[in-house]
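For reference, the structure discussed in these notes is given below.
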Amino acid sequence: MKEAEKKFDMFPAIGLAAWERAAKEELQGLDPWGKLAQTVDGIEIKPYYTATTSSAKTLRLPVSKDPYLGPRAWYNCPLVSVQDPIQANTIALEHLQQGANGVLFELHDVVNFSQLLQAIEWPYCSLNFLAKDNADAIAIDLDRFLDGRQGPTHGALFGNHQSLPPSNHSFCFVGLEISAQGAAIDALAEGIIAMDQLLGDAFGSRSTQTAFSVEIGTDFFMEICKLRALRGVWQYLAAKRGIQAASALFIHARSRAWTAEPFAPHGNMLKATTAAMSAILGGCDVLTIEPEDSNDATMNRAARNISNVLREESHFSKVADPLAGSYFVDELTAHLTEGVWKLVQTSMKR
(Lines give C-alpha, C1' and ligand atoms only; values in the text may rest on other atoms or scores of the structure.)
Protein backbone atom coordinates (compact mmCIF):
# COMPACT_ATOMS: atom_id res chain seq x y z
CA MET A 1 0.00 0.00 0.00
CA LYS A 2 1.30 3.42 -0.87
CA GLU A 3 2.25 5.71 2.02
CA ALA A 4 -0.41 8.23 0.98
CA GLU A 5 -3.11 5.55 1.23
CA LYS A 6 -2.50 4.78 4.92
CA LYS A 7 -5.21 7.17 5.94
CA PHE A 8 -6.22 5.42 9.15
CA ASP A 9 -2.75 5.96 10.60
CA MET A 10 -3.77 9.60 10.98
CA PHE A 11 -6.35 8.57 13.59
CA PRO A 12 -4.69 6.77 16.51
CA ALA A 13 -6.81 4.50 18.70
CA ILE A 14 -8.45 6.31 21.59
CA GLY A 15 -8.78 4.35 24.81
CA LEU A 16 -10.76 4.77 28.00
CA ALA A 17 -8.09 6.96 29.67
CA ALA A 18 -8.19 9.43 26.78
CA TRP A 19 -11.97 9.64 26.99
CA GLU A 20 -11.80 10.27 30.75
CA ARG A 21 -9.33 13.13 30.24
CA ALA A 22 -11.42 14.73 27.49
CA ALA A 23 -14.67 14.32 29.43
CA LYS A 24 -13.15 15.74 32.61
CA GLU A 25 -11.87 18.74 30.71
CA GLU A 26 -15.30 19.37 29.18
CA LEU A 27 -16.88 19.11 32.64
CA GLN A 28 -14.37 21.60 34.06
CA GLY A 29 -12.69 19.08 36.32
CA LEU A 30 -15.73 17.12 37.50
CA ASP A 31 -15.65 13.32 37.57
CA PRO A 32 -17.38 12.15 34.33
CA TRP A 33 -18.34 8.80 35.84
CA GLY A 34 -20.35 10.53 38.55
CA LYS A 35 -21.60 13.50 36.56
CA LEU A 36 -22.70 11.69 33.40
CA ALA A 37 -24.07 8.47 34.91
CA GLN A 38 -27.84 8.06 35.12
CA THR A 39 -30.21 5.85 37.06
CA VAL A 40 -33.45 4.94 35.30
CA ASP A 41 -35.98 2.78 37.14
CA GLY A 42 -33.21 1.50 39.41
CA ILE A 43 -30.85 0.67 36.51
CA GLU A 44 -27.49 2.44 36.47
CA ILE A 45 -26.52 3.67 33.01
CA LYS A 46 -22.84 4.46 32.63
CA PRO A 47 -21.58 7.16 30.24
CA TYR A 48 -19.08 4.90 28.47
CA TYR A 49 -18.91 1.18 27.66
CA THR A 50 -16.11 -0.93 26.20
CA ALA A 51 -15.51 -4.61 25.60
CA THR A 52 -13.57 -4.79 28.86
CA THR A 53 -16.12 -2.91 30.98
CA SER A 54 -19.13 -4.87 29.67
CA SER A 55 -19.56 -8.51 30.61
CA ALA A 56 -23.15 -8.84 29.37
CA LYS A 57 -24.24 -11.84 27.37
CA THR A 58 -25.27 -10.86 23.87
CA LEU A 59 -28.74 -11.48 22.50
CA ARG A 60 -29.11 -11.42 18.74
CA LEU A 61 -32.37 -10.87 16.92
CA PRO A 62 -33.52 -13.68 14.64
CA VAL A 63 -32.97 -13.28 10.90
CA SER A 64 -36.13 -13.15 8.83
CA LYS A 65 -36.20 -15.17 5.63
CA ASP A 66 -39.06 -13.12 4.19
CA PRO A 67 -37.98 -12.20 0.62
CA TYR A 68 -40.11 -9.04 0.61
CA LEU A 69 -39.78 -7.67 4.13
CA GLY A 70 -36.05 -8.34 4.42
CA PRO A 71 -33.76 -9.69 7.18
CA ARG A 72 -35.25 -7.29 9.78
CA ALA A 73 -38.90 -7.87 9.04
CA TRP A 74 -41.93 -6.16 10.50
CA TYR A 75 -45.49 -5.49 9.33
CA ASN A 76 -46.94 -1.98 9.23
CA CYS A 77 -50.37 -2.38 10.88
CA PRO A 78 -52.46 0.77 11.48
CA LEU A 79 -55.15 0.71 14.16
CA VAL A 80 -58.79 0.38 13.11
CA SER A 81 -61.38 0.65 15.88
CA VAL A 82 -64.38 -1.54 15.04
CA GLN A 83 -67.84 -0.21 15.79
CA ASP A 84 -69.46 -1.29 12.52
CA PRO A 85 -67.65 -4.21 10.79
CA ILE A 86 -68.57 -3.01 7.28
CA GLN A 87 -67.29 0.51 7.93
CA ALA A 88 -64.15 -0.88 9.61
CA ASN A 89 -63.56 -3.09 6.57
CA THR A 90 -63.67 -0.03 4.30
CA ILE A 91 -61.11 1.78 6.48
CA ALA A 92 -58.85 -1.29 6.65
CA LEU A 93 -58.89 -1.73 2.88
CA GLU A 94 -57.98 1.93 2.44
CA HIS A 95 -54.97 1.48 4.72
CA LEU A 96 -53.89 -1.62 2.81
CA GLN A 97 -54.28 0.16 -0.52
CA GLN A 98 -52.30 3.16 0.71
CA GLY A 99 -49.12 1.41 1.86
CA ALA A 100 -49.88 -0.61 5.00
CA ASN A 101 -49.28 -4.36 4.88
CA GLY A 102 -51.45 -5.26 7.84
CA VAL A 103 -54.11 -4.02 10.27
CA LEU A 104 -54.71 -4.00 14.02
CA PHE A 105 -58.47 -4.28 14.60
CA GLU A 106 -59.65 -3.06 18.01
CA LEU A 107 -62.72 -5.14 18.88
CA HIS A 108 -65.13 -4.07 21.60
CA ASP A 109 -67.23 -7.23 21.37
CA VAL A 110 -67.85 -10.23 19.14
CA VAL A 111 -68.01 -9.33 15.45
CA ASN A 112 -68.98 -10.78 12.09
CA PHE A 113 -65.55 -11.69 10.70
CA SER A 114 -66.91 -12.36 7.22
CA GLN A 115 -68.01 -8.73 7.01
CA LEU A 116 -64.95 -7.34 8.78
CA LEU A 117 -62.43 -9.15 6.57
CA GLN A 118 -64.31 -9.02 3.27
CA ALA A 119 -61.92 -8.73 0.28
CA ILE A 120 -58.82 -8.66 2.52
CA GLU A 121 -56.28 -11.18 1.25
CA TRP A 122 -54.94 -12.45 4.54
CA PRO A 123 -52.07 -14.58 3.14
CA TYR A 124 -50.43 -11.36 1.90
CA CYS A 125 -50.74 -9.24 5.04
CA SER A 126 -50.80 -9.44 8.83
CA LEU A 127 -54.16 -9.18 10.61
CA ASN A 128 -54.13 -8.60 14.34
CA PHE A 129 -56.98 -8.22 16.81
CA LEU A 130 -57.16 -6.47 20.17
CA ALA A 131 -60.16 -7.72 22.15
CA LYS A 132 -61.24 -5.10 24.67
CA ASP A 133 -63.86 -7.50 26.02
CA ASN A 134 -65.07 -11.09 25.49
CA ALA A 135 -61.65 -12.29 24.28
CA ASP A 136 -62.58 -15.96 24.69
CA ALA A 137 -65.77 -15.66 22.60
CA ILE A 138 -63.93 -13.65 19.93
CA ALA A 139 -61.22 -16.33 19.78
CA ILE A 140 -63.81 -19.05 19.21
CA ASP A 141 -65.53 -17.05 16.44
CA LEU A 142 -62.22 -16.27 14.74
CA ASP A 143 -61.21 -19.92 14.90
CA ARG A 144 -64.47 -20.86 13.17
CA PHE A 145 -63.80 -18.25 10.49
CA LEU A 146 -60.32 -19.70 9.89
CA ASP A 147 -61.51 -23.31 9.84
CA GLY A 148 -60.73 -24.89 6.48
CA ARG A 149 -58.98 -21.84 5.03
CA GLN A 150 -55.75 -22.41 3.15
CA GLY A 151 -52.51 -20.41 3.29
CA PRO A 152 -50.72 -18.54 6.08
CA THR A 153 -52.65 -16.33 8.48
CA HIS A 154 -49.99 -14.09 10.03
CA GLY A 155 -51.09 -12.17 13.10
CA ALA A 156 -52.22 -12.45 16.70
CA LEU A 157 -55.21 -11.99 19.00
CA PHE A 158 -54.57 -9.97 22.16
CA GLY A 159 -56.96 -9.90 25.07
CA ASN A 160 -57.70 -10.80 28.67
CA HIS A 161 -58.08 -14.54 28.08
CA GLN A 162 -59.81 -16.48 30.84
CA SER A 163 -59.05 -19.85 29.25
CA LEU A 164 -56.57 -21.19 26.71
CA PRO A 165 -57.70 -20.13 23.21
CA PRO A 166 -57.77 -22.42 20.15
CA SER A 167 -54.58 -23.45 18.35
CA ASN A 168 -53.52 -22.52 14.82
CA HIS A 169 -50.26 -23.33 13.03
CA SER A 170 -49.65 -19.79 11.70
CA PHE A 171 -51.82 -17.50 13.87
CA CYS A 172 -51.09 -16.62 17.51
CA PHE A 173 -54.36 -16.92 19.42
CA VAL A 174 -52.58 -16.56 22.77
CA GLY A 175 -51.73 -12.86 23.00
CA LEU A 176 -51.38 -10.60 26.04
CA GLU A 177 -50.85 -6.84 26.42
CA ILE A 178 -47.99 -5.17 28.30
CA SER A 179 -48.93 -1.50 28.53
CA ALA A 180 -46.26 0.08 30.75
CA GLN A 181 -43.59 2.33 29.21
CA GLY A 182 -39.93 2.73 30.22
CA ALA A 183 -37.91 -0.08 31.78
CA ALA A 184 -41.11 -1.52 33.30
CA ILE A 185 -39.41 -4.58 34.79
CA ASP A 186 -42.48 -5.37 36.88
CA ALA A 187 -44.84 -5.08 33.90
CA LEU A 188 -42.69 -7.31 31.69
CA ALA A 189 -42.46 -9.91 34.45
CA GLU A 190 -46.21 -9.80 35.10
CA GLY A 191 -46.90 -10.32 31.40
CA ILE A 192 -44.59 -13.33 31.13
CA ILE A 193 -45.92 -14.85 34.37
CA ALA A 194 -49.50 -14.43 33.16
CA MET A 195 -48.64 -16.08 29.85
CA ASP A 196 -46.90 -18.98 31.62
CA GLN A 197 -49.94 -19.52 33.82
CA LEU A 198 -52.34 -19.30 30.88
CA LEU A 199 -50.40 -21.92 28.91
CA GLY A 200 -50.01 -24.24 31.89
CA ASP A 201 -49.38 -27.83 30.83
CA ALA A 202 -49.70 -26.79 27.18
CA PHE A 203 -46.52 -24.70 27.32
CA GLY A 204 -44.56 -27.23 25.28
CA SER A 205 -47.04 -27.36 22.41
CA ARG A 206 -48.18 -23.72 22.44
CA SER A 207 -45.11 -21.65 23.42
CA THR A 208 -44.29 -20.91 19.77
CA GLN A 209 -47.85 -19.65 19.17
CA THR A 210 -47.74 -16.88 21.76
CA ALA A 211 -47.64 -13.11 21.33
CA PHE A 212 -47.13 -9.97 23.40
CA SER A 213 -48.36 -6.48 22.56
CA VAL A 214 -46.00 -3.90 24.09
CA GLU A 215 -46.49 -0.15 24.36
CA ILE A 216 -43.50 1.87 23.14
CA GLY A 217 -42.70 5.17 24.86
CA THR A 218 -40.21 7.98 24.39
CA ASP A 219 -37.03 6.60 26.02
CA PHE A 220 -35.27 5.52 22.83
CA PHE A 221 -32.70 3.00 24.10
CA MET A 222 -34.78 1.77 27.02
CA GLU A 223 -37.64 0.85 24.69
CA ILE A 224 -35.22 -0.99 22.38
CA CYS A 225 -33.79 -3.02 25.22
CA LYS A 226 -37.22 -3.70 26.72
CA LEU A 227 -38.28 -5.67 23.64
CA ARG A 228 -34.96 -7.49 23.45
CA ALA A 229 -35.20 -8.39 27.15
CA LEU A 230 -38.74 -9.70 26.64
CA ARG A 231 -37.50 -12.07 23.96
CA GLY A 232 -34.51 -13.07 26.10
CA VAL A 233 -36.55 -13.86 29.22
CA TRP A 234 -39.02 -15.86 27.14
CA GLN A 235 -36.12 -17.95 25.87
CA TYR A 236 -34.94 -18.49 29.45
CA LEU A 237 -38.42 -19.60 30.49
CA ALA A 238 -38.75 -21.93 27.51
CA ALA A 239 -35.38 -23.49 28.28
CA LYS A 240 -36.49 -23.93 31.89
CA ARG A 241 -39.52 -25.80 30.56
CA GLY A 242 -37.35 -27.91 28.28
CA ILE A 243 -38.35 -26.12 25.04
CA GLN A 244 -35.66 -24.95 22.64
CA ALA A 245 -37.72 -23.32 19.85
CA ALA A 246 -38.98 -20.22 21.65
CA SER A 247 -37.18 -17.68 19.47
CA ALA A 248 -40.41 -17.50 17.44
CA LEU A 249 -42.03 -15.25 20.06
CA PHE A 250 -44.37 -12.81 18.30
CA ILE A 251 -43.97 -9.18 19.46
CA HIS A 252 -46.40 -6.42 18.52
CA ALA A 253 -45.21 -2.89 19.28
CA ARG A 254 -47.65 -0.01 19.63
CA SER A 255 -46.95 3.72 19.74
CA ARG A 256 -49.99 5.43 21.21
CA ALA A 257 -50.98 8.93 20.12
CA TRP A 258 -48.92 11.57 21.91
CA THR A 259 -50.12 15.15 22.06
CA ALA A 260 -48.22 18.13 23.43
CA GLU A 261 -49.62 21.57 22.66
CA PRO A 262 -46.24 23.32 22.21
CA PHE A 263 -45.30 20.81 19.48
CA ALA A 264 -48.66 20.54 17.72
CA PRO A 265 -49.48 19.52 15.05
CA HIS A 266 -46.28 17.55 14.36
CA GLY A 267 -45.28 16.40 17.84
CA ASN A 268 -46.89 12.98 17.52
CA MET A 269 -45.14 12.37 14.20
CA LEU A 270 -41.75 13.04 15.81
CA LYS A 271 -42.52 10.90 18.86
CA ALA A 272 -43.93 8.12 16.69
CA THR A 273 -40.82 8.10 14.50
CA THR A 274 -38.44 7.58 17.42
CA ALA A 275 -40.83 5.01 18.93
CA ALA A 276 -40.98 3.16 15.60
CA MET A 277 -37.19 3.12 15.39
CA SER A 278 -37.01 1.71 18.93
CA ALA A 279 -39.57 -0.96 18.11
CA ILE A 280 -37.84 -2.05 14.91
CA LEU A 281 -34.36 -2.11 16.43
CA GLY A 282 -35.80 -3.95 19.43
CA GLY A 283 -37.10 -6.72 17.20
CA CYS A 284 -40.85 -6.23 16.80
CA ASP A 285 -42.79 -8.38 14.31
CA VAL A 286 -45.73 -6.00 13.93
CA LEU A 287 -45.79 -2.23 14.40
CA THR A 288 -48.80 0.02 15.02
CA ILE A 289 -48.38 3.80 14.93
CA GLU A 290 -51.42 5.74 16.12
CA PRO A 291 -52.17 9.11 14.48
CA GLU A 292 -52.84 12.15 16.61
CA ASP A 293 -56.36 12.28 15.18
CA SER A 294 -57.69 9.16 13.45
CA ASN A 295 -60.38 11.24 11.74
CA ASP A 296 -57.78 13.40 9.98
CA ALA A 297 -56.69 11.91 6.64
CA THR A 298 -53.34 13.74 6.66
CA MET A 299 -52.45 12.56 10.16
CA ASN A 300 -53.48 9.01 9.24
CA ARG A 301 -51.23 9.14 6.20
CA ALA A 302 -48.29 10.51 8.21
CA ALA A 303 -48.60 7.79 10.86
CA ARG A 304 -48.95 5.05 8.24
CA ASN A 305 -45.95 6.25 6.25
CA ILE A 306 -43.53 6.40 9.18
CA SER A 307 -42.97 2.66 8.94
CA ASN A 308 -42.73 2.78 5.15
CA VAL A 309 -40.12 5.55 5.18
CA LEU A 310 -38.00 3.68 7.72
CA ARG A 311 -38.17 0.59 5.52
CA GLU A 312 -37.84 2.06 2.03
CA GLU A 313 -35.72 5.17 2.60
CA SER A 314 -33.82 4.55 5.85
CA HIS A 315 -33.33 0.84 4.99
CA PHE A 316 -34.03 -0.44 8.50
CA SER A 317 -35.03 -3.78 6.97
CA LYS A 318 -31.66 -4.49 5.35
CA VAL A 319 -29.84 -5.75 8.47
CA ALA A 320 -31.31 -8.33 10.85
CA ASP A 321 -29.79 -6.79 13.98
CA PRO A 322 -28.31 -3.31 13.40
CA LEU A 323 -27.39 -2.95 17.10
CA ALA A 324 -25.36 -6.16 17.27
CA GLY A 325 -22.05 -5.35 18.90
CA SER A 326 -23.26 -2.35 20.91
CA TYR A 327 -21.82 -2.77 24.40
CA PHE A 328 -24.32 -0.28 25.82
CA VAL A 329 -27.36 -2.04 24.32
CA ASP A 330 -26.09 -5.45 25.44
CA GLU A 331 -25.44 -4.17 28.97
CA LEU A 332 -28.82 -2.46 29.32
CA THR A 333 -30.62 -5.48 27.87
CA ALA A 334 -28.80 -7.73 30.33
CA HIS A 335 -29.85 -5.55 33.29
CA LEU A 336 -33.49 -5.65 32.21
CA THR A 337 -33.39 -9.37 31.45
CA GLU A 338 -31.85 -10.15 34.84
CA GLY A 339 -34.42 -8.05 36.70
CA VAL A 340 -37.39 -9.58 34.88
CA TRP A 341 -36.05 -13.13 35.11
CA LYS A 342 -35.57 -12.84 38.88
CA LEU A 343 -39.23 -11.89 39.31
CA VAL A 344 -40.36 -14.70 37.01
CA GLN A 345 -38.27 -17.26 38.90
CA THR A 346 -39.66 -16.01 42.22
CA SER A 347 -43.17 -16.54 40.92
CA MET A 348 -42.33 -20.06 39.74
CA LYS A 349 -41.19 -21.02 43.26
CA ARG A 350 -44.52 -20.11 44.85
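The values are calculated or read from the model by the stated rules, or taken from the named source; none is laboratory data. Since this is a predicted model, take the numbers as computed values, not measurements. All Cβ positions, glycine included, derive from the backbone under ideal geometry; neighbour counts span all protein chains shown. All accessible areas refer to the heavy atoms of the entire protein, side chains included, with ligands and DNA or RNA removed. Shrake-Rupley method; radii C 1.70, N 1.55, O 1.52, S 1.80 Å.
If you stretched the chain out fully between Thr58 and Ala137, how much longer would it get, using 0.36 nm times the residue separation minus the C-alpha to C-alpha distance?
Working: separation 79, 0.36 × 79 = 28.44 nm, distance 4.08 nm.
So the chain would gain 24.4 nm between Thr58 and Ala137.
Which percent of the accessible heavy-atom area of segment 195-350 goes to carbon and sulfur, probe 1.4 angstrom? Could the numbers behind the result be given before it?
Numbers: 3400 of 6600 Å².
Of the solvent-accessible surface of segment 195-350, carbon and sulfur hold 51 percent.
Return the distance in nm (one decimal) between the two label points of a simple spin-label model at Phe263 and Gln244, each offset 7 Å from Cα along Cα→Cβ.
4.6 nm
Could you work out the equivalent-ellipsoid semi-axes for the chain, taking the square root of 5 times each eigenvalue of the Cα gyration tensor, largest first, in whole Å? Please list the in-between numbers first.
Working: eigenvalues 288, 125, 77 Å².
They are 38, 25, 20 Å, listed from largest to smallest.
Per the Kirkwood formula on distinct C-alpha pairs, the Rh of segment 89-246 is how many angstrom?
Numbers: mean 1/r = 0.0601 Å⁻¹.
For segment 89-246, the Kirkwood estimate is 16.6 Å.
For a quick check of your reading of the filter: which GluC sites (Glu not before Pro) in segment 11-44 sit in a DSSP loop and have no more than 15 other Cβ atoms within 10 Å?
Values: sites: Glu20, Glu25, Glu26, Glu44; in loops: none.
Counting only loop positions with at most 15 other Cβ atoms within 10 Å, none of the GluC sites (Glu not before Pro) in segment 11-44 qualifies.
Kindly provide the Kirkwood hydrodynamic radius of segment 38-93 in Å, to one decimal, from all pairs of distinct alpha carbon atoms.
Roughly 16.6 Å, rounded to one decimal.
Divide, for segment 171-306, the radius of gyration over alpha carbons by 2.2 N^0.38 Å, where N is the residue count. Write down the numbers at each step before the final one.
Working: Rg = 16.2 Å, N = 136, 2.2 N^0.38 = 14.2 Å.
Dividing the Cα Rg of segment 171-306 by 2.2 N^0.38 Å gives 1.14.
Which loop-located trypsin sites (Lys or Arg not before Pro) does segment 227-295 contain, where loop means any DSSP state but H, G, I, E or B and the Cβ has at most 16 other Cβ atoms within 10 Å?
Details: sites: Arg228, Arg231, Lys240, Arg241, Arg254, Arg256, Lys271; in loops: Arg241, Arg256.
Passing both the DSSP loop test and the Cβ count: Arg241.
Over segment 41-128, with the other protein chains present, what is the accessible area per residue in square angstrom, probe 1.4 angstrom?
Details: 4550 Å² over 88 residues.
Heavy-atom accessible area per residue stands at 52 Å².
Any idea what Rg and Dmax come out to for segment 104-156 if you just take the C-alpha atoms, in Å?
Cα radius of gyration and Dmax of segment 104-156 are 10.7, 29 Å respectively.
Please report, ordered by residue number, every helix of the chain (full DSSP H runs) that is 24 Å or longer along its axis going by C-alpha atoms and whose mean Kyte-Doolittle hydropathy reaches -1.0. Let's see the in-between values first.
On the way: long enough: 220-240 (31 Å, 0.43); 327-349 (33 Å, 0.00).
Those that clear 24 Å and a mean of -1.0 are 220-240, 327-349.
Among Lys271/Lys318; Lys271/Lys342; Lys65/Lys132; Lys226/Lys342; Lys46/Lys318, which pairs are too far apart, with a Cα-Cα distance over 25 Å? Intermediate results must be reported in sequence, preceding the final value.
Working: Lys271/Lys318 23 Å; Lys271/Lys342 32 Å; Lys65/Lys132 33 Å; Lys226/Lys342 15 Å; Lys46/Lys318 30 Å.
Over 25 Å Cα-Cα: Lys271/Lys342; Lys65/Lys132; Lys46/Lys318.
In square angstrom, what is the accessible area per residue of segment 213-285 with a 1.4 angstrom probe? Each step should come with its number before you reach the end.
Numbers: 2670 Å² over 73 residues.
Result: 37 Å² per residue.
Can you pull the one-decimal nm distance between simple spin-label points at Arg301 and Met348, each 7 Å off the Cα toward Cβ?
Going from the Arg301 label point to the Met348 one covers 5.1 nm.
Tally the DSSP beta bridges in the chain and give the antiparallel ones as a percent, rounded to 5.
Numbers: 3 of 33 bridges.
Around 10 percent of the beta bridges assigned by DSSP in the chain are antiparallel ones.
What is the gain in length, in nm to one decimal, between Glu121 and Leu36 on full extension, counting 0.36 nm per residue of separation less the C-alpha to C-alpha distance? Working shown, then result.
On the way: separation 85, 0.36 × 85 = 30.60 nm, distance 5.18 nm.
Computed gain between Glu121 and Leu36 is 25.4 nm.
Would you please name the GluC sites (Glu not before Pro) within segment 194-295 that are DSSP coil residues with at most 11 other C-beta atoms within 10 Å of their C-beta?
Details: sites: Glu215, Glu223, Glu292; in loops: Glu292.
Answer by residue number: there is no such site.
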